[in-house]
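The values are calculated or read from the model by the stated rules, or taken from the named source; none is laboratory data. The structure presented is a predicted model; accordingly, all values stated were derived computationally and were not measured. Cβ placement follows ideal geometry from the backbone for every residue including glycine, while neighbour counts extend to all protein chains displayed. Quick note on the areas: whole protein, heavy atoms, side chains included, nothing else; ligands and nucleic acids left out. Shrake-Rupley method; radii C 1.70, N 1.55, O 1.52, S 1.80 Å.
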Amino acid sequence: MKEILKIANLTKKFGGVCAIDNFSVTLEEGTVHGLIGPNGAGKTTIFNTITGIYKPTGGTIEFMGKDITNKKPYQVAQQGIGRTFQNIRLFSQLSVLENVFIAGHMDADYDLFAAILRLNKFGKKEKYLRENCIELLKILGLSDKLNEKAGSLPYGHQRKLEIARALALRPKLLLLDEPAAGMNRDESKELVEFINELKEKFKLTILMVEHHMDVVMSICRRITVLNFGKTIAEGTAKEIQTNKLVREAYLGGEDAAC
Ligand SMILES: Nc1ncnc2c1ncn2[C@@H]1O[C@H](COP(=O)(O)OP(=O)(O)OP(=O)(O)O)[C@@H](O)[C@H]1O
Ligand SMILES: [Mg+2]
């Protein structure tokens, strides 16, 4: 199996708070890897550091054989890493199509001059982008909602639209931050099927943060468990479920220092 993401000794400090402490993980291409841990464990900070929102205090991030440590968010996106956010971040007043269209523009190769003068290159690229976005929304089951305002969609559809935005640049690696948040058991079951379908259709590797254990255990080939920024366990669903340190972290053990 091919490695797609290799994080080594990643550390992120915010003043005196050590949010990520020497974190290492390797993701195999085509798999879903779970990242779990109690609130404040450092899961979202890992996503923000991979995607260039935060600069790491130490460590390296390698994606498809290239060092992407310290790259800017748009460079990380162009390399092939898409993400969703823990708190939905859509342009609520814009339509479903416009939301995906904007995300797809990171890849547009015309300049402002061409856009203002509406040159042929601009027109062709815009048409191509638009068709691509419509196709993507069709695959995600949102094609009958293209012109609806994102903010007026039901919650589950907003979560799907977030995923559509993340897929607009056709990433190889998708980072999902609590995709099942706020969903009931049936909805999260449906989400698992949906994520599996997307993984196959778009040939994705997925790193997923999730608190719903039924989702994590049913979809992830491997799981890493964090507590206070440190990895306390890594393994298959079965190994994680029976791990003593994991049980203690979730049921409340002693505080760990950074
Ligand atoms: N921008 C920031 N400035 C200061 N401290 C931060 C910042 N971002 C995160 N932290 C701190 O880093 C730690 C890890 O936070 P993070 O949001 O990564 O946790 P999490 O595992 O995603 O938690 P949750 O499950 O609640 O989403 C917390 O102590 C948090 O307060
Ligand atoms: Mg978080």
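A few points about this structure:
- For the options Glu162, Glu131, Glu98, a Gaussian network treatment of the chain with springs between C-alpha atoms closer than 10 Å singles out Glu131 as fluctuating the most.
- Net charge, Asn70 excluded, C-beta distance under 13 Å - Lys, Arg +1, Asp, Glu -1: +3
- Whether the stretch 173-231 is rounded, prolate or oblate, judged on the alpha carbon gyration tensor where a/c under 1.5 counts as rounded: oblate
- Taking every protein chain into account, the accessible area of the chain amounts to 52 square angstrom per residue (probe 1.4 Å).
- Label sites at Asn39 and Glu131, each approximated as a point 7 angstrom past Cα along Cα to Cβ, lie 4.9 nm apart.
- Taking other residues whose beta carbon is less than 9 angstrom from the beta carbon of Glu28, and scoring Lys, Arg as +1 and Asp, Glu as -1, yields +1.
- Taking the charge dipole of the chain about its Cα centre, with +1 at Lys and Arg Cβ atoms and -1 at Asp and Glu Cβ atoms, the residue from Gln78, Pro154, Val216 reaching farthest to the positive side is Gln78.
- Under the Debye formula (equal points on every Cα, no solvent term), log10 I(q)/I(0) of the chain at q = 0.09, 0.13 Å⁻¹: -0.42, -0.86
- Other residues whose C-beta falls under 12 angstrom from the C-beta of Leu161 contribute a net charge of +3, scoring Lys and Arg +1 and Asp and Glu -1.
- Theoretical gain in end-to-end length, Glu197 to Thr26 [0.36 nm per residue, Cα-Cα removed]: 59.3 nm
- Rounded to the nearest 500, the 222 nm mean residue ellipticity of the chain from helices alone is -11000 deg cm²/dmol, with -39,500 (n - 2.57) taken per DSSP H run of at least 4 residues.
- Nitroxide proxy distance, nm - points 7 Å out along Cα→Cβ at Thr242 and Glu98: 5.5 nm
- Set of lysines near Lys145 by C-alpha distance (under 28 Å), chain-local residues within fewer than 8 positions excluded: Lys124, Lys125, Lys127, Lys160, Lys172, Lys189, Lys199, Lys201, Lys203
- The chymotrypsin sites (Phe, Trp or Tyr not before Pro) found in the stretch 54-103 include none that occupy coil by DSSP while having at most 10 further C-beta atoms within 10 Å.
- Distance between the stretch 203-229 and the stretch 165-183 - C-alpha centres, whole angstrom: 13 Å
- Nonlocal amide H pairs with Ile232, under 5 Å, H built at 1.01 Å: Val225, Leu226, Asn227
- Spatially, the stretch 134-153 and the stretch 15-56 are offset by 31 Å when compared through their Cα centroids.
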